[in-house]
Amino acid sequence: MTTAPLRKDAARNWRRIVEIGRQHVDDGMPIQLNDVARAAAVGVATVYRHFPTPEALLETVATPGLEALVAHAEQALAGNDPWAALRDFLLTVVDAQITDPALPPVFAAPVNALPHTAELKQRLVELSGRLLDRAHGAGVADPEVTKADMLPLMCGVIFAATVHQDAAAARASTARRYLTVLLEGLRKTPD
């Protein structure tokens, strides 16, 4: 199903609403659609016409980050070194979740507001599973670590890195250090 392109004024309003949504997320403010409408200088009905729920706006704000992660996973699969591909992808995921505050709540949400978000998240699950399968196949990843283990482990790294860290730089450094520890536990060394 294709949708008609937005009129210029509607497209401008959509971009402005998304910009304000991004600002709210970056500032650690909850997305309240009435507040977004006021800050964007558009009517409340205009915001609701584009984004029926705050979750829909949050997912739209997170979409570029999700798309970048999918692209990175696809590129990683094209690499020759299965361990480096998995490691680099997981480091990219951690960096993205630490630096883009829209991503963690979208990843954690049990239900998606937008079909595109569901597609992107499913694609990431598939691609990361394939990266882990390649590492298993090459004998460089512990075969007891499963695809189902990866999401809780990654969530644990993000949580641990953010729970007591205030500065973004400290969170990023801590997350990378914790992920490195996790990866050393995952990596299988030749006997």
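Any read-out appearing in this document is the output of simple, stated calculations on the displayed coordinates, not a laboratory observation. Since this is a predicted model, take the numbers as computed values, not measurements. FYI the Cβ positions are ideal-geometry reconstructions off the backbone, even for glycines, and counts take in every protein chain you see.
In table form, for the structure just shown:
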| item | result |
| --- | --- |
| Straight-distance crosslink candidates among lysines, where the alpha carbon sits under 24 Å from Lys147 and sequence neighbours closer than 8 are dropped | Lys121, Lys188 |
| Cα gyration tensor, the stretch 114-156 - rounded (a/c under 1.5), prolate or oblate | oblate |
| Net length gained if the chain between Glu67 and Cys155 were fully extended (0.36 nm per residue, minus Cα distance) | 29.8 nm |
| In nm, spacing of pseudo-spin labels at Arg123 and Tyr48 (7 Å Cα→C-beta vector) | 3.2 nm |
| In degrees, nearest ten, helix 8-26 long axis to first principal axis of the chain (Cα) | 50 degrees |
| Listed values (1) 18.1; (2) 17.5; (3) 16.5, entry calculated as Kirkwood radius over Cα pairs in Å | (1) |
| Amide H contacts of Ala102 (H built 1.01 Å from N, under 5 Å, at least 5 apart or other chain) | none |
| Whole-angstrom gap from the stretch 122-166 to the stretch 26-95, using each part's C-alpha centre | 20 Å |
| Linear extension gain, Thr92 paired with Ala11, 0.36 nm per residue minus alpha-carbon span | 26.0 nm |
| At most 14 other Cβ within 10 Å, DSSP loop - GluC sites (Glu not before Pro), the stretch 112-158 | Glu144 |
| Normalised contact order of the chain, rounded percent, pairs of Cα under 8 Å and 6 or more residues apart | 20 percent |
| Dipole magnitude of the chain about its Cα centre (Cβ charges: Lys, Arg +1; Asp, Glu -1), debye to nearest 20 | 580 debye |
| Cα-based Rg / Dmax (Å) for the stretch 94-183 | 14.2, 40 |
| Unit charges at the beta carbon, dipole of the stretch 1-125: most positive-side option, Asn80, Thr53, Ala37 | Ala37 |
